[in-house]
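One structure is given here, and the rest of the page talks about it.
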Amino acid sequence: NLNKLDETVRSEFVHFDQDRDATDWYERNRERDSGTNSMSAALGYRRVVQTQRDEFSAELRYNLSDTDNGTSNFRYPFTLDGEPIDIDPDLTSIDTNGNDGLLAFQADLSKPLAANTRLDVGYRGNFRVNESQQDVLFYLEGSSSPHSELSDLLRYDEDSHAGYVTVDHRAGPFGVQAGIRAERVTGLNRATPLADPVRSTDTDFFPRK
């Protein structure tokens, strides 16, 4: 899936002091070019020997979204009387790229342990990567070399693992179910302002004590 957007916006700005006299007059032209790509794919398998008694299923899924934005801001100076000045404009160029990817796997198994007892086991794993980068360049009066520049990079990786085990027993119209579920999530955050990566880990069990 591909989405693309191109636009140009023209604006005029006048700054006044407390006496309503103009202190700055300029025109700003913004040219923006952006696009988004997204894709997804899935692969699955299912085997059924007896519905809700003896089954196995597995699915592998991948999703990716990528976004690119390019913005050019041209600043054309005017005199304080609103007349254009014949010099090349200043330019601020902003390029932003971001992508989000997710790989997910899930498997579930149901097996009879006895005539009225069933075992259910399952696992789910999610592996996510989110990354964004922004580069800003400042050009003065049509210069081909940037006067100054800024760059920011952010990347976040997250791994999630979850599993469950339950036993279901039926006796006529009555039933008893017992089980446990566990989940562990690990995240790693890396960014330009951070000297070292920041790691986080969270583990949960259900039911809790």
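The values are calculated or read from the model by the stated rules, or taken from the named source; none is laboratory data. Computed from a predicted model, the values in this text were never measured in an experiment. With ideal geometry, Cβ positions are generated from the backbone for all residues, glycine too; neighbour counts draw on all protein chains shown. The area values use the complete protein model at the heavy-atom level, side chains included, leaving out ligands, DNA and RNA. Shrake-Rupley method; radii C 1.70, N 1.55, O 1.52, S 1.80 Å.
In region 154-181, what residues are among the polar types (S, T, N, Q) and either exposed (fewer than 12 other Cβ atoms within 10 Å of the Cβ) or in contact with a helix residue (DSSP H, G or I) (Cβ under 9 Å, 6 or more places away or on another chain) (or both)? Result: Gln177, single match. Residues considered: Thr71, Thr8, Thr36. Of these, the only one that is at pLDDT below 95, within 29 Å of Gln134 (Cα to Cα) and buried (at least 16 other Cβ atoms within 10 Å of the Cβ) is Thr71. For region 100-116, a residue qualifies if it is in a strand (DSSP E or B), polar (S, T, N, Q) and open to solvent by 40 Å² or more (accessible area, probe 1.4 Å), and exactly one does: Gln106. Could you list all residues from region 85-99 that are open to solvent by 70 Å² or more (accessible area, probe 1.4 Å) and in a strand (DSSP E or B)? Asp95, the sole residue that qualifies.
Filter region 18-33 down to residues that are acidic (Asp, Glu) and open to solvent by less than 60 Å² (accessible area, probe 1.4 Å) and give me whichever is nearest to Tyr62 (Cα to Cα). Ranking the candidates gives Glu27 first. Reported count of residues in region 191-209, each being open to solvent by 90 Å² or more (accessible area, probe 1.4 Å) and either in a strand (DSSP E or B) or at pLDDT 95 or above (or both), is 2. Within region 178-196, restricting attention to residues that are touching a residue at least 24 places away in the same chain (Cβ under 8 Å) and among the hydrophobic types (A, V, I, L, M, F, W, C), the residue that is farthest from Val129 (Cα to Cα) is Ile180.
Suppose we keep only residues that are part of a strand (DSSP E or B), of a type in the set (A, V, I, L, M) and closer than 30 Å to Tyr76 by Cβ within region 117-153. Which one would you say is most open to solvent (accessible area, probe 1.4 Å)? It comes out as Leu150. Among the residues of region 1-41, write down those that are among the acidic types (Asp, Glu) and not in a strand (DSSP E or B). Once the filter is applied, which keeps residues that are among the acidic types (Asp, Glu) and not in a strand (DSSP E or B), region 1-41 yields Asp17, Asp19, Asp21.
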